[in-house]
Amino acid sequence: MTYSILTLFDIILVATLLWLGWRLLSSEDIFKAVVLFISFGLLMALAWVRMRAPDVALAEAALGAGLTGPLFLAALRRMNRSHKGERRLDIDENRDGDHGKNSEPT
Amino acid sequence: MSWLHTLFALILLPAIAVGMIRILRGPTAADRMMTAQLFGTCGVAILLLLSAGMLNPVLIDIALVFALLAALATLTFIRRTWQGSGKNKHGYPLS
Amino acid sequence: MDILYHSGTLFIVIGVLFFLSGTVGLIRFPDIYTRLHALTKADNVGLGCVVCGLALQSGSWVLTVKLLLIWLLVLIASSASCHLIASSAMQKNIKPWTRP
C-alpha cells in the first residue's frame with residue numbers, strides 16, 4: 001500500500017465528517033442542525049468522489065445540497081409557524097420581531 | 001505533476017473544517033447560511049482541483065451540478081425561513 | 001506550453017490564498033456585513049483565479065468552456081444571495097458595526 005497526499009486528504013475528510021455528524025446529531029438548535037446537514041452532504045459528495053464513485057457523488061450533490069436543504073428550510077418555517085413557542089428555534093431576529101409585534105399594541 | 005493540484009485541494013479542505021466554527025457559534029442565522037454558501041464554493045474549487053489531481057474529467061460535471069444548485073439553499077433560506085414571519089411595517093417589501 | 005502551465009499554477013496559488021483569507025475573514029470579522037464582504041471576495045475572485053488557472057492548464061476547449069460556465073454560475077448565485085442577505089439584514093434593523 002502506497003501513501004500519498006491523497007491519504008492525508010482522506011484522513012482529514014473522514015475526521016471532519018465524523019466530527020460534523022456528531023455535532024449535527026447532538027445539536028439542540030434545529031436550524032443549526034439543518035445548516036450542518038447541508039455541509040455534511042457537501043463533504044459526503046467529496047467522500048464519494050474519493051471512493052471512486054462519481055455517479056453516486058453526482059446524485060449526492062443534486063439531492064443533498066440542492067433538494068433536501070431547501071426542503072428542510074421550508075419545513076422549518078412551517079414548523080415555526082405551527083409550533084410557536086414549543087420548540088427552541090434559534091432564529092433570533094424572528095423572535096425579536098414577534099416580541100415587538102406582540103408588545104406593540106399593548 | 002498532478003500532485004500539485006492535490007496539494008492545493010488538501011490546503012483548501014482545512015479551510016472548510018475551520019470555517020465550521022462560524023456555523024457553531026454564529027450569532028444570527030444568516031451567518032450560518034453564509035458559511036454554508038462558502039462551503040459550497042470551496043467544495044466546487046476542491047472538486048475542480050481534484051479533477052486535475054486524480055486525472056478524472058468527470059468530476060467537473062459534479063462541480064457543475066454544485067455550482068448550479070448552490071443558490072437554491074440560500075435563496076430558500078432568505079425567502080422562506082429568515083424573512084417570512086418577520087412581517088414588519090413594510091409587509092414583504094423585498095425589491 | 002510550459003509557460004502556460006506555470007502561469008496557471010500562479011493563478012491557482014492566488015485563488016487558494018483568496019479562499020484562505022476569506023475563511024479567516026469569515027471567522028474573525030465582527031459583523032454580518034463585513035463577513036459578507038469577506039465571503040464575496042472568496043467566492044468571486046478566489047474561484048475565478050482557480051478556474052482561470054485550471055483553464056490555462058487544461059488544453060482543451062470543452063473543458064475551458066465548462067470551467068468558465070461553472071464560474072459564471074457561481075458568480076450569479078453569489079451576487080444574488082449576497083444582495084438578498086444584505087438587504088434583508090438591513091430590513092431586520094441589524095446595525096452595521098462601527099469602531100467603538
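Measuring from the lowest to the highest alpha carbon on each principal axis, how far does the protein assembly as shown reach, largest first, in angstroms?
Sorted from largest, the Cα extents of the protein assembly as shown read 74, 37, 36 Å.
Rounded to whole Å and sorted largest first, what semi-axes of the equivalent ellipsoid does the C-alpha gyration tensor of region C:2-91 yield via the square root of 5 times each eigenvalue?
29, 16, 5
From the square roots a ≥ b ≥ c of the eigenvalues of the alpha-carbon gyration tensor of region B:3-82, which class results: rounded (a/c under 1.5), prolate (a/b over b/c), or oblate?
Note, shape of region B:3-82 comes out oblate.
May I ask you to list, by number, the DSSP H helices of chain C whose Cα span along the axis is at least 18 Å and whose average Kyte-Doolittle hydropathy reaches -1.0 or more?
Taking the DSSP H segments of chain C (at least 18 Å long, mean hydropathy at least -1.0), we get C:2-28, C:61-91.
Using only alpha carbon pairs under 8 Å that are at least six residues apart, calculate the relative contact order of chain C and give it in whole percent.
Relative contact order comes out at 32 percent.
The numbers here are math on the coordinates, done by the rules we state, and not lab data. As the structure is a prediction and not an experimental result, all values here were calculated from the model.
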